[in-house]
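In what follows, a structure is listed as structure tokens, so that the remarks can point back to it.
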Amino acid sequence: MIFSGNVWRFGDHIDTDQILPAQHINVMDRMERAPHCFENICPDFASKVQPGDIAVAGENFGCGSSRPSVEILQDLNLGGVVASSFGRIFFRGGIARGFPLIICRGLEANDLPTGHRITVNMQSGKIVDETAGRAFAAEPYPSFLQKIIRAGGLMRYTHESFKKDMI
């Protein structure tokens, strides 16, 4: 799976409360929650993000409590997240929802700045900064995780697998 988009750069330890502030957790309409994504650290994010754009961060993106943070990123049609590391609950939730989360260890603060266009190859792990002409090596996804992402998440993957087994 290969995808491209413009970068939105964030720092280290972006927790789930920064992705989806606590006061909006209980809003049932997902499209009413979406405008509040990153509102405390990047107020215009939700109004300016374009479909396919990619969040890039440092260490421990998505740390903190378990909340529908991946959902809000998907609702804004974000293409995925590239980070040095992820909070484990967030990472597992992202995979289960079919949302690309790419581990690229050692990203520096100046690597992949906001506005640059990047292409991510999940199979090879190669990330190319089209704007700067640089390449980075991320951890390639194992084939079974690529299948889950391509299917649109664990539930869809499981459903498709059962359908194949039943035929």
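At-a-glance table
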read-out: Hits in the range 25-59 (condition: polar (S, T, N, Q) and at pLDDT below 90); value: Asn26
read-out: Residue check for Ile149: under 14 Å from Gly98 (Cβ atoms) and among the hydrophobic types (A, V, I, L, M, F, W, C); value: yes
read-out: Number of the condition not met by Ser66 [criteria: (1) among the hydroxyl-bearing types (Ser, Thr, Tyr); (2) closer than 18 Å to Ser4 by Cβ; (3) assigned to a loop (DSSP other than H, G, I, E, B)]; value: (2)
read-out: Residue within the range 114-122 that is at pLDDT 95 or above, assigned to a helix (DSSP H, G or I), buried (at least 21 other Cβ atoms within 10 Å of the Cβ) and touching a Leu at 6+ places or on another chain (Cβ under 9 Å) present; value: no
read-out: Enumeration of residues in the range 123-153 that are within 21 Å of Asp12 (Cα to Cα), outside any loop (DSSP other than H, G, I, E, B) and either under 16 Å from the mean Cα position of the chain (by Cα) or among the polar types (S, T, N, Q) (or both); value: Ile127
read-out: From Pro68, Pro100, residue being at pLDDT below 95 and either at negative phi or surrounded by fewer than 19 Cβ atoms within 10 Å (Cβ to Cβ) (or both); value: Pro68
read-out: Residue in the range 124-139 that is in contact with a helix residue (DSSP H, G or I) (Cβ under 9 Å, 6 or more places away or on another chain) and at pLDDT 95 or above present; value: no
read-out: When residues of the range 18-59 are limited to those that are free of Cβ contacts under 8 Å to residues at least 24 places away in the same chain and charged (D, E, K, R), the one surrounded by the fewest Cβ atoms within 10 Å (Cβ to Cβ); value: Asp29
read-out: Criterion (surrounded by fewer than 22 Cβ atoms within 10 Å (Cβ to Cβ), among the charged types (D, E, K, R) and within 13 Å of the chain's Cα centre (by Cα)) met by exactly one of Asp12, Asp75; value: Asp75
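The values are calculated or read from the model by the stated rules, or taken from the named source; none is laboratory data. These numbers come from a predicted model, not from an experiment. Note that each Cβ is placed from the backbone with ideal geometry, even for glycine, and that neighbours are counted across all protein chains shown.
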